[in-house]
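Q: Provided herewith is a single structure, encoded as structure tokens, for subsequent inquiry.
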Amino acid sequence: MAKTKGEDRKGKVIYFSHGGGPLPILGDKSHKAMVKFMEHLPSIIGKPDAIIVISAHWEESVATVLGSSNPVMFYDYYGFPDESYNITYPAPGNLELASRVFHILKEKRIGCSIDGERGFDHGLFIPLKLMYPEADIPAIQLSLVRGLEPVVHLEMGKALNELMSENILVFKSDWRR
């Protein structure tokens, strides 16, 4: 029997808001529905082998991949209670996946680089702490390209489509509610 289009897809691509900074983790009442959604989402999509987060909080001159085996926390917000700066999410990085993403983009002639120093920003650690609190799934981040030119980002998405035959979750997190 012939496969239909998409039948060999294991990967998932999702876009959703992670709310206002650390507020979902801090129990802010206006984020209650969002928190419930994020906590429930894994029961629908399952547990991926790896996660790629495209964060609205990271723009570079070229597409940049977080390439660290143990990313630090990058608290890219300010003005919140002290406990906001003690949130941890010790998920491992994934150097192999970071390298693959870099080479896929490079092969498609999309400007790219790897940053081994930057940490996980709250566009990753807030939703993943709610979705996969065990922090046992390797994760990487991919920056947006400064200027937010749609064509560049659509080309990045097309290039990364080849990863969709694997159990990889790609999500674009944003701050809007």
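Q: Under 5 Å between amide hydrogens, which residues at least 5 positions from A139 or on another chain qualify, with H placed 1.01 Å from N in the peptide plane?
A: Close amide H contacts, sequence-distant or interchain: I51, G93, N94.
Q: Now for a separate question. Of the beta bridges DSSP finds with both residues in the stretch 1-160, what % are antiparallel, to the nearest 5?
A: 10
Q: Still on this model: So how strong a dipole does the stretch 12-51 carry about its Cα centre when Lys and Arg Cβ are +1 and Asp and Glu Cβ are -1, to the nearest 20 debye?
A: Dipole magnitude for the stretch 12-51 comes out near 100 debye.
Q: What is the magnitude of the charge dipole of the chain about its Cα centre, with +1 placed on the Cβ of each Lys and Arg, -1 on the Cβ of each Asp and Glu, and no other charges, expressed in debye to the nearest 20?
A: Magnitude of the dipole: close to 660 debye.
Q: Whole Å is fine, so just give me how far the alpha carbon centre of the stretch 64-86 lies from that of the stretch 106-169.
A: The two parts, judged by their Cα centres, are 16 Å apart.
Q: Okay, next question. Starting at the first residue of the stretch 20-25, write each ³J(HN,Hα) from the Karplus equation 6.51 cos²θ - 1.76 cosθ + 1.60 with θ = phi - 60°, in whole Hz, x for Gly and Pro.
A: Ordered by residue, 3J(HN,Hα) equals x, x, x, 4, x, 6 Hz.
Q: Write out the chymotrypsin sites (Phe, Trp or Tyr not before Pro) in the stretch 69-177 meeting two conditions: DSSP loop, and at most 13 other Cβ atoms within 10 Å of their Cβ.
A: Passing sites in the stretch 69-177 are Y78.
Q: Across the stretch 36-47, in residue order, what do the Karplus-derived ³J(HN,Hα) couplings come to in whole Hz, using 6.51 cos²θ - 1.76 cosθ + 1.60 with θ = phi - 60° and x for Gly and Pro?
A: Listing the rounded values in order: 4, 4, 5, 5, 7, 3, x, 5, 8, 9, x, 9 Hz.
Q: Shifting gears a bit: Enumerate the amide H contacts of H57 below 5 Å, restricted to partners 5 or more residues apart or on another chain; note that Pro and chain-start residues carry no placed amide H.
A: none
Q: Along the positive direction of the dipole of the chain (beta-carbon charges: Lys, Arg +1; Asp, Glu -1; about the Cα centre), which of Y75, G21, V170 reaches farthest?
A: V170
Q: F80 to H153: extension gain in nm, 0.36 nm per residue of separation minus the Cα-Cα distance?
A: Full extension from F80 to H153 adds 23.1 nm.
Q: Separate question: Would you please give the residues with an amide H less than 5 Å from that of I14, counting only those at least 5 places away or on a separate chain, with H modeled from the backbone geometry?
A: Excluding prolines and chain starts, which carry no amide H, the hits are V170, F171, K172.
Q: Okay, next question. For the chain, with the dipole built from +1 on Lys and Arg beta-carbon atoms and -1 on Asp and Glu ones, taken about the Cα centre, which of G116, L142, P92 lies farthest toward the positive end?
A: L142
Coordinate-derived values only; no laboratory data. Bear in mind the structure is a predicted one, so any value in this text is a computation, not a measurement. Virtual Cβ from ideal backbone geometry, glycine too; neighbours counted across all protein chains shown.
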